[in-house]
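The values are calculated or read from the model by the stated rules, or taken from the named source; none is laboratory data. Computed from a predicted structure; not experimentally measured. Positions of Cβ are backbone-derived with ideal geometry, glycine not excepted, and every protein chain shown enters the neighbour counts. Quick note on the areas: whole protein, heavy atoms, side chains included, nothing else; ligands and nucleic acids left out. Shrake-Rupley method; radii C 1.70, N 1.55, O 1.52, S 1.80 Å.
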Amino acid sequence: MSFSILLMGANMRRRRRYDSSSIGNTDAYQTGIVSTTILVLLFIFIAFFACFFWLRINSGVRHAMQEAKDIRIAFKMEAVEKYALGGIIYNPTTRNGMADGVEEKILKSADADGKIVLQAWDGAYNEPAAFTYQKDGYIIIFKKKDDGTAIWDGYYTLKLLEYK
């Protein structure tokens, strides 16, 4: 009988230890659990969307970069064609740096639909030395170094304000 009383006493102590009245203010305790849960879910939500937008921007800039590389090849093909006809592509007096109709031909042959600005032309190799390609907020900048290596930079621009 003394053993059963001992067990009963141990159960009472265990109940008292986990009894809600022994914790103190249960509303404050539950509020802490709820606020912690909300903060964790908010962190997960922000982390998910940060990863999602980073992947979206990264894939978009890779696509624009591939189009810009196709444009560089189209520049070379168009330069050969213009050279055979006795003309040149580069015209620094125009807004886009190219002769009339060249941008449309290059975009068509490269299967691209952005804007091209030819900034420098390498007359020795008859190819672009520097140009920018802009499409849907992505800007690709191509520069050719003196040793002939190509530098490609990709950027994403976010329009914050439009003034009309």
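Using modelled backbone amide H atoms (1.01 Å from N, in-plane), which distant-in-sequence or interchain residues come within less than 5 Å of Y138's amide H?
Those lying under 5 Å, H to H, from Y138 are T157.
Using 1/(1 + (r/R0)^6) with R0 = 22 angstrom and r between the beta carbons of R62 and I151, what's the FRET efficiency to the nearest 0.05?
0.85
May I ask you to derive the FRET efficiency for K143 and C51 from their Cβ-Cβ distance with R0 = 35 Å, giving the value to the nearest 0.05?
About 0.65, to the nearest 0.05.
Given +1 on the Cβ of Lys and Arg, -1 on the Cβ of Asp and Glu, and no further charges, what dipole in debye does region 35-164 carry about its Cα centre, rounded to the nearest 20? Present the calculation step by step, with values, prior to reporting the outcome.
On the way: 16 positive and 16 negative charges, 62 e Å.
Here region 35-164 has a charge dipole of around 300 debye.
Please calculate how many Å² of accessible area region 87-161 carries per residue, with a 1.4 Å probe and no DNA, RNA or ligand atoms counted.
The answer is 63 Å² per residue.
Just the number, please: carbon plus sulfur as a percent of the accessible area of region 32-161, 1.4 Å probe, no ligands or DNA/RNA counted. Walk me through the numbers on the way to the answer.
Details: 5550 of 8880 Å².
It is 62 percent, rounded to a whole number.
For region 87-164, what are the per-bin percents of Cα-Cα distances with bins 5 Å wide, up to the bin holding the maximum?
Result returned by the calculation: 3, 14, 21, 23, 19, 11, 5, 2, 1.
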